[in-house]
Amino acid sequence: MGSLEETRTETSSSKPYGIRFLEYVKNSTLTYRTYQAIVLIVTFVAYASYHATRKTTSIVKSALDPETTELSFSPWSRTHLLRSTPQMQEKRVLKSGWAPFDGSDGTAMLGEIDVAFLSFYSIGMYFAGHLGDRLDLRVFLTIGMVGTGLFTALFGAGYWLNIHSFYYFLVIQMVAGLFQSTGWPSVVAVVGKWFGKRKRGLIMGIWNAHTSIGNISGSLIASALLTYGWGWSFAVPGLLIAFVGLMVFLFLPVTPDSVGVDNDEDELLKSPKKNEITEPLLGGDPVVKDKAVGFIEAWKIPGVAPFALCLFFSKLVAYTFLYWLPFYITHTKIDGKYLSDAAAGNLSTMFDVGGVIGGILAGHISDRLDARAITAASFMYCAIPALFFYRIYGEVSLYVNVALMIVAGMFVNGPYALITTAVSADLGTHGSLNGNSRALATVTAIIDGTGSVGAALGPLLTGYISAKSWTGVFTMLMVAALIAGLLLTRLVVAEVAAKIEMSRAQAGNTNSPRPPTSLEV
């Protein structure tokens, strides 16, 4: 009895302070379902705030660099990362904007800042996943959010401090990228530990709407504050994410064990093997391990490498839109007119509306078909004509632009959302891990970290290519979408073969077990 009381006392003392307060007010312990609801809400708001701060840069771009896409220059002869003297940074100043981004090479400079942020984000992602499986995710996530808020606000502080140094903004974005990398592995690991595989695609598809909601709210906040000065567009989102970080520290329960509740869903991690191919992750008793999975070991999990490489090209497309869509809109006539910076920022949210729809559809379809690879590849192939039609016919009218933008967002963000959520969680609890649940953050970091390399490359190339041709940018995006789909070919073939085998088994009235999905091949 003594040891039982000690265990209860330790569990109670490990609960977040906000949870203790809720239980004190309620005068009873919270149920497992209540904890799940808290996890979904807290992680949803947390990652939405990450994307709100990330979206700010794309909205402010057109205010920093109003008209440089109308100028002609050779991008490859200039690299600001290597310049050392003010004389080498001479540029023709345009009628408005913010130095050093208002000159003829401003577009390339903004592209370099994007790639600096995303490069450090992708590098930090690998370390964040490694640390996330070894540290208290609640504290780790809180530090990341407060740090993100601080450096987002410091970028905006350049407005009030009248800073015009390219290297100031570059370094700020590098450090911000490191702090931002703490977010995704942490929230996916927490959600993956509270929800099993049943309907995981649909649940996480809906939950993944935080990405688009964050982009939309970030766009609206930044656009509204541009009137008062672009510094406010960074400062306010920075303060918001720091505040949400404190809420995470107070209310986020990391695992069922940490708050002393039992999983009443029978959602299990381990699956038996058959003919050297593991069955779907729905049966068998888990053999829980405490040792975190190593980086190389995580790469060897079947399915991790192809999905990680697919996400490389998928995020290249998605993040090019994230960082450059408002800028593209302001420099493209729609129904014969150019839109203002604020109007372009608001209009760009329609891409994220499509992303919400696409994420939910992709998750639901993959659950119904039990085929993650087929769903992801199909969406990527459909993104190709969607991008083509948006580029060709988006200028016809505002309504046509909105409709085509929503369709493009649906097919571009659908597979991106599916791979970074349900697929990552599936692979992080793969049968080959023998029930080890301490691989979620590492696997998520590997997949999203690899994807983030593509996310860095897309905006960088766009900064150069757009100066000569936006058609060239869309061609690059369509090629990337095609490659993303092709990289899943082996897994798609495996899933199709499994479906055929299942159909034959059902036709023969046999009781053979369900064939493996591509994630277990």
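The values are calculated or read from the model by the stated rules, or taken from the named source; none is laboratory data. From a predicted model like this one, the values you see are computed outputs, not experimental measurements. Methodologically, a virtual Cβ is constructed for each residue, glycine included, from the backbone with ideal geometry; neighbour enumeration extends over all protein chains shown. Heads up: the accessible areas ignore ligands, DNA and RNA and are worked out on the full protein's heavy atoms, side chains in. Shrake-Rupley method; radii C 1.70, N 1.55, O 1.52, S 1.80 Å.
Residues 258, 503, sorted by accessible area with the largest first, give 503, 258 [1.4 Å probe; ligands and nucleic acids excluded].
For each pair in 193/315; 61/315; 61/337, compute the distance between the two Cα atoms and list the pairs where it is over 23 Å.
Values: 193/315 25 Å; 61/315 20 Å; 61/337 20 Å.
In this structure, 193/315 lie more than 23 Å apart at Cα.
Multiplying the residue separation of residue 296 and residue 502 by 0.36 nm and removing their Cα-Cα distance gives an extension gain of 70.8 nm.
How do 176-189, 156-169, 369-382 rank on mean C-beta neighbours within 10 Å, highest first? It would help to have the intermediate numbers written out before the result.
On the way: 176-189: 28.0, 156-169: 15.5, 369-382: 23.9.
Top to bottom by mean Cβ count within 10 Å: 176-189, 369-382, 156-169.
Express the accessible area of the stretch 136-196 per residue in Å², computed with a 1.4 Å probe while the remaining protein chains stay in the model.
Values: 1820 Å² over 61 residues.
Heavy-atom accessible area per residue stands at 30 Å².
Distant-in-sequence amide contacts of residue 334, defined by a placed amide H-H separation under 5 Å and a gap of 5 or more residues or a different chain, comprise 339. Extension gain, residue 257 to residue 469, is 70.8 nm, computed as 0.36 nm per intervening residue step minus the present C-alpha separation.
What does the highest-first list of 98-108, 27-37, 247-257 look like by mean Cβ count within 10 Å?
98-108, 247-257, 27-37
Each residue was assigned an accessible area with a 1.4 Å probe, and for residue 297 the value is about 100 Å². Put a dot 7 Å past the Cα of residue 161, heading toward its Cβ, do the same for residue 14, and the two dots end up 4.1 nm apart.
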